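Right, one structure below, let's go through it.
The values are calculated or read from the model by the stated rules, or taken from the named source; none is laboratory data. Please read these numbers as outputs of a predicted model, since none were measured by experiment. Cβ placement follows ideal geometry from the backbone for every residue including glycine, while neighbour counts extend to all protein chains displayed. What goes into the accessible areas is simple: the full protein's heavy atoms, side chains included, and nothing from ligands, DNA or RNA. Shrake-Rupley method; radii C 1.70, N 1.55, O 1.52, S 1.80 Å.
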Amino acid sequence: MAEPVIRPRHDDDLPACVRMLAAVHRVDGYPAVWSAETEHWLTPEELLGVWVAVDGPNVLGHVALSRTGPDLAATVGRPASQLAAVARLFVDVSARRTGLAGALLARAVRAAVADGRRPVLEVESDAAGAIALYERAGWRRVGTAPGDWLTAAGQPAVVHTYLGPA
């Protein structure tokens, strides 16, 4: 495999992203709730940017950056206009442990900072691998609250909020 390239996502990348996310969902239960509207889910409201990691024609990873809502801003203790939410970060099961998730995360962080915003994110408490990635990258947990969905195990979700490095 050549060194993957991270570039803006194109509309014609969406079918590959949906297939990749379906595999991630089967292995990790992410996202917790699967929807027939997955293409729409991959393009959150208030989108600031969205990128994919590709190796030739193969899409290997995805990350989005969007404006935050008032609830997330209140948890962080900053105005929403100063924040950007990292979301929809996932890597193909076959490309894990290659540094790709960290590279996608760094790409989103650079975009947030370039826009004068501080990156934030929310993560389910049982996503140990994702939490380890964020903490290694210098993110700081600033809150924990119940989520508004059930986990794959049928339990109420617990969500951690993280503030990214400045």
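Couple of notes before you dig in:
- Span-rule helices in the chain, defined as complete DSSP H runs reaching 18 Å or more along the axis (Cα) with Kyte mean at least 0.0: 14-28, 100-114
- Computed Rg/Rh of region 90-143, alpha carbon atoms with Kirkwood Rh: 0.97
- Each Lys and Arg contributes +1 and each Asp and Glu -1, all at the Cβ; summed about the Cα centre of region 1-139, the dipole is approximately 460 debye.
- For Tyr30, net neighbour charge (Lys/Arg +1, Asp/Glu -1) across residues whose Cβ lies under 14 Å away: -2
- For Arg110, the shell of other residues with beta-carbons less than 15 Å away shows a net charge of +3, using +1 for Lys and Arg and -1 for Asp and Glu.
- Gain on full stretching of the segment that runs from Ala137 to Ala114 - 0.36 nm per residue minus C-alpha separation: 6.5 nm
- HN-Hα J in Hz across region 40-50 - Karplus 6.51, -1.76, 1.60, θ = phi - 60°, x for Gly and Pro: 5, 4, 6, 10, x, 4, 6, 4, 9, x, 8
- Each Lys and Arg adds +1 at its Cβ and each Asp and Glu adds -1 at its Cβ; summed about the Cα centre, region 102-142 shows a dipole of about 280 debye.
- With at most 11 other Cβ atoms within 10 Å, longest stretch of the chain clear of loop GluC sites (Glu not before Pro) (DSSP): 46-166
- Pair-distance distribution of region 1-64: all C-alpha pairs, bin width 10 Å, starting at 0; shares per bin in whole percent are 21, 53, 25, 1.
- For Ile131, the shell of other residues with beta-carbons less than 15 Å away shows a net charge of -2, using +1 for Lys and Arg and -1 for Asp and Glu.
- Proximity of backbone amide H atoms, modeled 1.01 Å from N, is registered between Ala85 and Ser66, Arg67, Thr68, Val120 at under 5 Å, excluding neighbours fewer than 5 places apart on the same chain.
- Here the spin labels are modelled as points 7 Å beyond Cα on the Cα-Cβ line, and at Ala145 and Arg96 they lie 2.9 nm apart.
- Surface listing: Leu83, Leu47 arranged by accessible area from highest to lowest gives Leu47, Leu83, probe 1.4 Å.
- Ellipticity at 222 nm from helices only: DSSP H runs of n ≥ 4 in the chain, each -39500 (n - 2.57), divided by the residue count, give -9000 deg cm²/dmol.
- Gain on full stretching of the segment that runs from Glu46 to Gln82 - 0.36 nm per residue minus C-alpha separation: 11.6 nm
- Pairs of Cα atoms nearer than 8 Å and 6+ residues apart set the relative contact order; for the chain it is 19 percent.
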